[in-house]
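Data block below; observations after.
Just so it is clear, none of the values below were taken in a lab; they were calculated from the coordinates. Here the structure is a predicted model, which means the values were calculated and not measured. For neighbour counting, all protein chains shown are included, and Cβ atoms are generated from backbone atoms with ideal geometry for every residue, glycine included.
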Amino acid sequence: MENLGLTLLKNKKTRSLLIHSETIKGYPTILSFIRKTEEVTDEIIDTLLSESDKRVVYDLFPTIVESCHNEWRGNPDPEDVLDGDDRVECTLCGRDNKLIFYIHNIMNGKRINVGSTCINLFTHDTLFEGKSKAEVIKKARRNQRLRMINEKIPGIKRIMDNWEDDLKKYDVLIPSYIEKEYLEIGLHASRIFNDYLDKKADKSVFDEISVFLEKRNELIFQMEVYCKEHINNRFVVTRKIVQQLERDSDGETIKELKKTGYISSKTAPKIREEKFIKDLEIDFKSMLETLSADLQDLDYYNGVLKITPFSDKPLLILTPIVKFLTYFGWVIFKDEKYVGFTMSNLLRISKVTDIASIEYIISSIDFLLGKSNKVRLYLDDYDNKYDRYEFSEMDIHDLRNDKYVTVNLHGFIDDFKLALVNSDEWVAGELIKYVDNLSRDKYSRYTLEELKEKHYRRIYRETERMFK
Ligand SMILES: [Zn+2]
């Protein structure tokens, strides 16, 4: 991108405005250059401007233009509308206009005419709106002093303006133990710099600022070295990760990451950046291998791992990546042990959603309950008309009182998927507890006849609805 000062100087509209402004008079050689140059190109700037003027343009011109612009106030209503083919040229852009607007300069009282496009530059400008004449003068004075200091320390304003943002140009996050000193120096330098501009300090501060800038260069060198040394390490915090967290307004996590510059099991669940997540596939795979489970797919967009926990069984579980990292991330990041990485814990944090897997869990439970004479699943399909998956229902038969109860299928599966890693006694015992804990108010107990009637009625209603 071209330097903003150069772009502004090449803009005819800007130059026309400057010619009529006051602030620019503080830069007589630049003003005379603008006066006598019709067209401004890189070549002309290069041959006609002195080195010190070039520096002013490069470093300070945007501020000068802003000050000049602030001197002007526009009346949003046209003062004249010309008849017929009469036209007057806009003083700024030279376009012919039928509507004549005026802007006036609060510093020198000049009044110039502009057209309907250019007037907008002076009426819709909320940024500088309402600045008093005193403020405009103060700003102009600051600019004068800015010019003095820039002579001695070229580019000082750009350096001061970008002090903190410069930390963002590295491909990795700079940890606080390096960043801290850099920011502290920035604060000191900025205070002295502004004291000088506000005339609270004289040019004796130039030396002090130069010392800060030397220290700055040293620290920048350190940061470059840090970046080079760490960029290829796994789990170093990349700029892209920081940008994602910034978009999420997650300053807390950025702060935490800055402590070491590296991702830990504590911060990992907060990071959604694509490369980071996709690169973890290898870790997820090798961890799952220790349980003899397979990773079928890392679904980045839905944030889940699709896992077949038992290679010889038709079961697919969905594990949210955030949960996986929260509970088992310590294995990957070699942190202190948190939750044991076992099959039952993996099942606990996972969901089962596809029909085949649900049917597999139901038949496994049914098999394990084989000998139980207390509570059983009731798996009648009502002449093949009842689809418990479609209704998301599950019937349970309490043999102790020969009553039936219908529960939510997905909730039931969520509670009983652990049957896959438990014994038949566990399943029988848990199911009794489960049924006994179902509240009498919410879960009616049916006789077999009532249960069938309830289901058939519903099947009938659904069929009717479908063929309506
Ligand atoms: Zn114009």
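Among the listed pairs Lys385/Lys442; Lys12/Lys138; Lys240/Lys337; Lys152/Lys203, those whose Cα-Cα separation exceeds 19 Å are Lys385/Lys442; Lys12/Lys138; Lys240/Lys337.
What's the center-to-center distance, using Cα atoms, between region 170-194 and region 10-44 in Å? A separation of 37 Å, based on Cα centres. With θ taken as phi - 60° and the Karplus curve 6.51 cos²θ - 1.76 cosθ + 1.60 applied, the whole-hertz 3J(HN,Hα) list for region 373-382 is 10, 10, 9, 9, 7, 10, 10, 4, 9, 6 Hz, x standing for glycine and proline. Among the trypsin sites (Lys or Arg not before Pro) in region 1-98, those placed in a DSSP loop whose Cβ has at most 16 other Cβ atoms within 10 Å are Arg87, Arg95, Lys98. For the chain, rounded, prolate or oblate, judged on the Cα gyration tensor with a ≥ b ≥ c (square roots of eigenvalues), a/c < 1.5 rounded, else prolate if a/b > b/c? Prolate is the answer for the chain, as a/c is 1.5 or above and a/b outweighs b/c. Less than 5 angstrom separates the built amide H of Tyr102 from those of Asn75, Glu79, Val114, all sequence-distant by 5 or more or on a different chain. Let me make sure I get this right: for region 358-442, a, b and c are the square roots of the gyration tensor eigenvalues over alpha carbons, sorted descending. Under 1.5 in a/c it's rounded, otherwise prolate if a/b > b/c, else oblate. Which is it? Rounded is the answer for region 358-442, as its axis ratio a/c remains below 1.5. Each stretch of four or more DSSP H residues adds -39500 (n - 2.57); spread over every residue of the chain, this sum gives -15500 deg cm²/dmol at 222 nm. Annotation for Lys452 and Lys36: the two label points, set 7 Å from Cα along the Cα-Cβ direction, are 11.1 nm apart. Of the trypsin sites (Lys or Arg not before Pro) found in region 322-415, the ones in coil according to DSSP and having at most 10 other Cβ atoms within 10 Å of their Cβ are Lys334, Lys337, Lys371. Working note: Karplus 6.51/-1.76/1.60 with θ = phi - 60° gives region 266-273 the couplings 6, 8, 3, x, 8, 9, 10, 4 Hz, where Gly and Pro are set to x. In this rough spin-label picture, where each label sits 7 Å from Cα along the Cβ direction, the Ala356-Asp96 distance is 7.7 nm. Among complete DSSP H helices in the chain, those whose alpha-carbon atoms stretch at least 15 Å along the helix's long axis and whose mean Kyte-Doolittle hydropathy reaches 1.0 are 355-368.
Classify region 171-251 as rounded, prolate or oblate, taking a ≥ b ≥ c as the square roots of the eigenvalues of its Cα gyration tensor: rounded when a/c is under 1.5, otherwise prolate if a/b is larger than b/c and oblate if not. Oblate is the answer for region 171-251, as a/c is 1.5 or above yet b/c matches or exceeds a/b.
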